[in-house]
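Let me begin by presenting the structure, written as structure tokens, before commenting on it.
The values are calculated or read from the model by the stated rules, or taken from the named source; none is laboratory data. Computed from a predicted structure; not experimentally measured. Quick reminder, even Gly has a Cβ in these numbers, built from the backbone with ideal geometry, and neighbours come from all protein chains shown. Accessible surface is based on the protein model in full, side chains and every heavy atom, while ligands, DNA and RNA are left aside. Shrake-Rupley method; radii C 1.70, N 1.55, O 1.52, S 1.80 Å.
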Amino acid sequence: MTSTLLQEAQAATKAENLVKAEHLYKEILSKSAGTNEKALAEQETALYELGALYRDHRKIKELENLIHTSRTVMSGLGKSKVAKIIRALIDLFSTLPDTIDTQIAVTKDCISWAISERRNFLRQSLETRLVSLYIERGAYFDALSLINTLLKELKRLDDKMVLVEVQLFESRVCHALRNIPKSKAALTSARTSANAIYCPTLMQAGLDMQSGILHAEDKDYKTAFSYFVEALDGYSSQEDPRAISVLKYMLLCKIMLNLTDDVHAILTGKMAQKYAGRDIEAMKAVASAHANRSLKEFEEALETYKTELSSDTIIRSHFSALYDTLLEQNLVRVIEPFSCVEISHVAEVVGLDTRQVEGKLSQMILDKVFYGVLDQGNGWLIVFDEPRQDATYDAALDTIRHMTAVVDLLYEKASKLN
């Protein structure tokens with residue numbers, strides 16, 4: 001009887017008859033399956049399909065209620081099977097926009113149920129899921145508090161697989177809180193734990209991605225790029241949407257290294273063609289602006305692709321350094337033909353305020369990007385040729401050092417004779 005109902009429900013779903021399909025799925029779930037394996041399997045299928053139906057029609061409240069009511073249906077199933085079903089039903093929310101708070105509330109409720117039922121494995125799994133939701137919402141201190149509790153338990157139980165995942169989350173949280181040393185330490189711990197087990201492809205890709213991000217923080221873009229290549233291979237092989245973000249980070253590394261030709265080579269490759277879209281076009285526009293040393297083009301790219309560029313915290317964090325680099329290159333390009341130029345003219349060409357340009361030029365002189373002085377009385381920038389150091393001074397200093405050593409040695413010998 002249940003098998004017929006399931007077929008009818010599936011047919012109603014295909015026919016877009018939501019009311020009938022929902023009624024039939026609920027009828028299947030309302031029947032007691034007892035220990036009948038076939039009936040339990042069909043109820044499990046009904047749970048998945050009804051959840052997918054609610055997701056496709058964006059029925060958030062109904063999906064939330066389904067997770068609550070499914071607990072009674074799953075009473076005859078094994079603990080591992082129950083854990084798998086609950087996680088799968090919660091994951092259905094992930095494709096629905098603006099449901100992060102609902103996901104957190106549902107996950108917390110399921111954790112409370114798991115505690116009351118003494119299902120520790122399920123509780124740890126759900127708490128790990130809750131950590132990822134906290135990170136997604138930006139509640140980093142809540143995530144860190146839960147991570148510390150989980151780490152103590154997992155180290156005691158020696159559950160390496162979940163331990164690696166939680167340590168990777170810890171590294172991401174610490175990075176988001178700008179505690180880079182702690183983030184590196186957490187990532188090292190995660191890699192050490194991962195070496196003791198078979199690490200799934202997606203988890204290994206996550207470790208490589210985080211390694212690349214931390215190397216980029218140290219301005220070691222060459223090493224970061226090599227990690228991002230490994231992460232892209234992992235995510236791409238599993239058709240994971242994070243592959244697009246990693247590809248953007250690869251392009252960012254090449255832009256920061258001023259290797260425009262490499263950027264074009266990546267963009268014409270198979271991987272870039274596979275993930276072609278506004279995200280890749282945004283990075284292409286930034287690369288073009290950087291190659292042309294055009295601050296105006298860079299600002300236009302930021303405005304045109306505001307969502308694609310500003311929404312990513314990793315890329316956004318490097319934009320300050322990239323903006324400074326572009327501004328310096330733009331200023332150097334303007335002042336290159338001159339030995340003396342009005343600051344107001346430089347500001348007009350780059351399209352910035354005179355005071356802002358004057359401050360940046362002063363900083364560049366102090367950083368020895370070029371040699372010159374600012375004549376603030378007349379509003380001029382006087383540029384000097386790069387001074388050549390006379391080797392005679394170094395040779396004279398070396399001679400004096402050697403003579404000092406000889407005199408000291410003779411003085412010690414004379415002291416011994418006396």
Take Thr69 and decide whether it is open to solvent by 50 Å² or more (accessible area, probe 1.4 Å) and closer than 23 Å to His57 by Cβ. yes
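Is it fair to say Asp91 is under 13 Å from Leu133 (Cα atoms) and outside any helix (DSSP H, G or I)?
Against the criterion (under 13 Å from Leu133 (Cα atoms) and outside any helix (DSSP H, G or I)), Asp91 does not qualify.
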Total residues in the stretch 12-42, condition more than 18 Å from Arg58 (Cα to Cα) and touching a residue at least 40 places away in the same chain (Cβ under 8 Å): 5
Met250 passes all but one of the listed conditions (1) open to solvent by less than 30 Å² (accessible area, probe 1.4 Å); (2) under 24 Å from Thr192 (Cβ atoms); the exception is number (2)
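Only residues that are assigned to a helix (DSSP H, G or I) and either open to solvent by 70 Å² or more (accessible area, probe 1.4 Å) or of a type in the set (D, E, K, R) (or both): list them for the stretch 350-363, please. Before the answer, list the steps.
The initial filter retains those residues of the stretch 350-363 that are assigned to a helix (DSSP H, G or I), namely 350, 354-363.
Within the stretch 350-363, Arg355, Gln356, Glu358, Lys360, Gln363 meet the criteria.
Yes/no matrix, rows are residues, columns are (1) part of a helix (DSSP H, G or I); (2) open to solvent by 80 Å² or more (accessible area, probe 1.4 Å); (3) under 18 Å from Ser294 (Cα atoms):
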{"residue": "Val341", "(1), (2), (3)": "no, no, no"}
{"residue": "Glu348", "(1), (2), (3)": "yes, yes, yes"}
{"residue": "Val373", "(1), (2), (3)": "no, no, no"}
{"residue": "Asn378", "(1), (2), (3)": "no, yes, no"}
{"residue": "Arg388", "(1), (2), (3)": "no, yes, no"}
{"residue": "Ala396", "(1), (2), (3)": "yes, no, no"}
Taking first residues from the stretch 312-328 that are assigned to a helix (DSSP H, G or I) and second residues anywhere that are hydroxyl-bearing (Ser, Thr, Tyr), the pairs with Cβ under 9 Å that are 6 or more apart or on different chains are Ile314/Ser245; Ile314/Tyr249; Ile315/Ser245; Ile315/Tyr249; Arg316/Ser310; Phe319/Ser310; Leu326/Ser294
Please determine, by comparing only the residues of the stretch 253-278 that are assigned to a helix (DSSP H, G or I) and touching a Leu at 6+ places or on another chain (Cβ under 8 Å), which one is surrounded by the most Cβ atoms within 10 Å (Cβ to Cβ). Val263
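Which of the residues that make up the stretch 228-247 are open to solvent by less than 70 Å² (accessible area, probe 1.4 Å) and either assigned to a helix (DSSP H, G or I) or in contact (Cβ under 8 Å) with a residue 60 or more places away in the chain (or both)? Spell out how you get there, then give the answer.
Just the residues of the stretch 228-247 that are open to solvent by less than 70 Å² (accessible area, probe 1.4 Å), to begin with: 228-229, 231-232, 234-236, 240, 243-247.
Passing the criteria: Phe228, Val229, Ala231, Leu232, Gly234, Tyr235, Ser236, Ala243, Ile244, Ser245, Val246, Leu247.
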Among (1) buried (at least 17 other Cβ atoms within 10 Å of the Cβ); (2) assigned to a helix (DSSP H, G or I), where does Arg293 come up short? (2)
